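Some notes on the structure that comes next.
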Amino acid sequence: MKLDESLKNEIDKIFERIVKIRHEIHQNPELSGKERETRLLVRSILEAEGIPFKTFEKHYGVVADIVKDPAFPTVAIRSDMDALPLPENSPKEYASKKKGIMHACGHDAHTAIALGSALALNTLKSHLPGNIRIIFQPSEEVIEGGSDQMIADGALEGVSAIFGLHAYPYLKTGQIGYKYGVMMASSDKFSFDIYGKTAHGARPHEGVDAVLTTAMIINSLNHIVSRRIDPIHPAVISIGKIEGGKASNIICDFVTLSGTVRTVNESVRKKIPEMMENTIKGICETMGAKYHFDYLFGPPELVNNDEMVDIVKKAAEKVVGKEGLVDLVDPVMGGEDFARYLQKVPGAFFRLGICNESKGTCVPQHNTRFDVDDDSLSIGMKVVSLSSVMALDRLRARK
């Protein structure tokens, strides 16, 4: 029997177990940087299967290695483990047990898929054309990103290629979405404070209105994308949080804001902070206000390697057939810190369809009713595992 058929059979054997693992993780979500119990679960499963792994003192990441021969190439599979600060609105028996926290982005499924892939690949270790590394990453949902921590701690040392996936409610279960080149936007964060001067609401000329100043700034910032950036290069500047003011009859002296910037062009990305600060500075000077501006560069654009996308397509065709392949064509403005791995080694990120109307799994991510179709877990395990094996074959052939 060919290795790919053996691998698919092994995944079928453990499917029900992986579903239970996914449900357990879903019931016990943990926020970014606090994935302690999730790590313990991952460790216990790896230990029981005799798969060597490493953990770290400064974060809750785990790196597991299935080593056929140290002289052979290594391909990595990456998953993420953190949840979101949202209350789950679900009648399902495996709904979150933690108030105000839920797996609203599918990282429970990603972790379960990575574990299942590890179990199946380890069973067939003697038949593998190389080594497999499974990366269980913390803190994907925060802009600082756990990928930087994992890379700094050697997660990519000796790795020649990497694959990752994301649950995607805009594709049906049984579909795999692929994208050549730029797939997702960079994801940056900004904040700024506006300092004015209080006065009675009836005597505004005696104060410096931080609210009015802020309103003018918000309006002007939205013109950066529409009038100062080439429209063939998509960009987004969104303000998601604003706080200020103490009473309806007091001129506000302090407002604080924060938001996000998304681009799919690095040169545009680098220009935006200066454009923003110049806008803020000019309006503050006009209004007599002062400001403090912070800009934090997050993950860059996610750029897939063409050769690795070819491999994903071939692997997916073996699982879902040509009819299940979906060319995503255009990038999306969402961010993903898998991009940092792709800056270091060639790889591919793909979309795993999870939409099943009868199961209520077509709800967008970051929604209180988000859920994953369990049937997609088998497809995810098979595609990412086969992709890894096929990449190892190609790497071995070059030596």
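The values are calculated or read from the model by the stated rules, or taken from the named source; none is laboratory data. These numbers were taken from a predicted model, which means no experiment stands behind them. Methodologically, a virtual Cβ is constructed for each residue, glycine included, from the backbone with ideal geometry; neighbour enumeration extends over all protein chains shown.
Among the residues of the stretch 372-389, count how many are among the β-branched types (Val, Ile, Thr) and surrounded by fewer than 24 Cβ atoms within 10 Å (Cβ to Cβ).
1
Would you point out the residue of the stretch 68-97, among those that are hydrophobic (A, V, I, L, M, F, W, C) and surrounded by 20 or more Cβ atoms within 10 Å (Cβ to Cβ), that is farthest from Ile132 (Cα to Cα)?
Per the criteria, the residue is Leu84.
All but one of (1) within 23 Å of Val312 (Cα to Cα); (2) charged (D, E, K, R); (3) without any contact (Cβ under 8 Å) to a residue 60 or more places away in the chain hold for Asp373; which doesn't?
Every condition holds for Asp373 apart from (3).
How many residues does the stretch 264-315 contain that are polar (S, T, N, Q) and closer than 30 Å to Phe338 by Cα?
Counting residues in the stretch 264-315 that are polar (S, T, N, Q) and closer than 30 Å to Phe338 by Cα gives 4.
Would it be correct to say that Gly100 is over 18 Å from Ser44 (Cα atoms) and either surrounded by fewer than 23 Cβ atoms within 10 Å (Cβ to Cβ) or outside the structural domain of Phe370 (by TED's automatic domain parsing) (or both)?
Spelling it out, Gly100 is indeed over 18 Å from Ser44 (Cα atoms) and either surrounded by fewer than 23 Cβ atoms within 10 Å (Cβ to Cβ) or outside the structural domain of Phe370 (by TED's automatic domain parsing) (or both).
Which condition does His292 not pass, out of (1) touching a strand residue (DSSP E or B) at 6+ places or on another chain (Cβ under 9 Å); (2) surrounded by 15 or more Cβ atoms within 10 Å (Cβ to Cβ); (3) modelled with pLDDT of 95 or more, if it passes all the others?
(2)
Just wondering, is there one or more residues in the stretch 103-113 that are in contact with a Phe, Trp or Tyr (Cβ under 9 Å, 6 or more places away or on another chain), on the phi > 0 side of the Ramachandran plot and surrounded by 24 or more Cβ atoms within 10 Å (Cβ to Cβ)?
So far as the stretch 103-113 goes, yes, one or more of its residues are in contact with a Phe, Trp or Tyr (Cβ under 9 Å, 6 or more places away or on another chain), on the phi > 0 side of the Ramachandran plot and surrounded by 24 or more Cβ atoms within 10 Å (Cβ to Cβ).
Kindly provide the set of residues from the stretch 248-267 that are of a type in the set (A, V, I, L, M) and either in contact with a Pro (Cβ under 9 Å, 6 or more places away or on another chain) or without any contact (Cβ under 8 Å) to a residue 12 or more places away in the chain (or both), ordered by number.
Ile251, Val261, Val264
Here are Val303, Val326, Val332: which of them is farther than 25 Å from Arg394 by Cβ and buried (at least 17 other Cβ atoms within 10 Å of the Cβ)?
Val332 is the lone residue from the list that is farther than 25 Å from Arg394 by Cβ and buried (at least 17 other Cβ atoms within 10 Å of the Cβ).
Does Lys313 fit the bill of being under 17 Å from Ile162 (Cβ atoms) and surrounded by fewer than 24 Cβ atoms within 10 Å (Cβ to Cβ)?
yes
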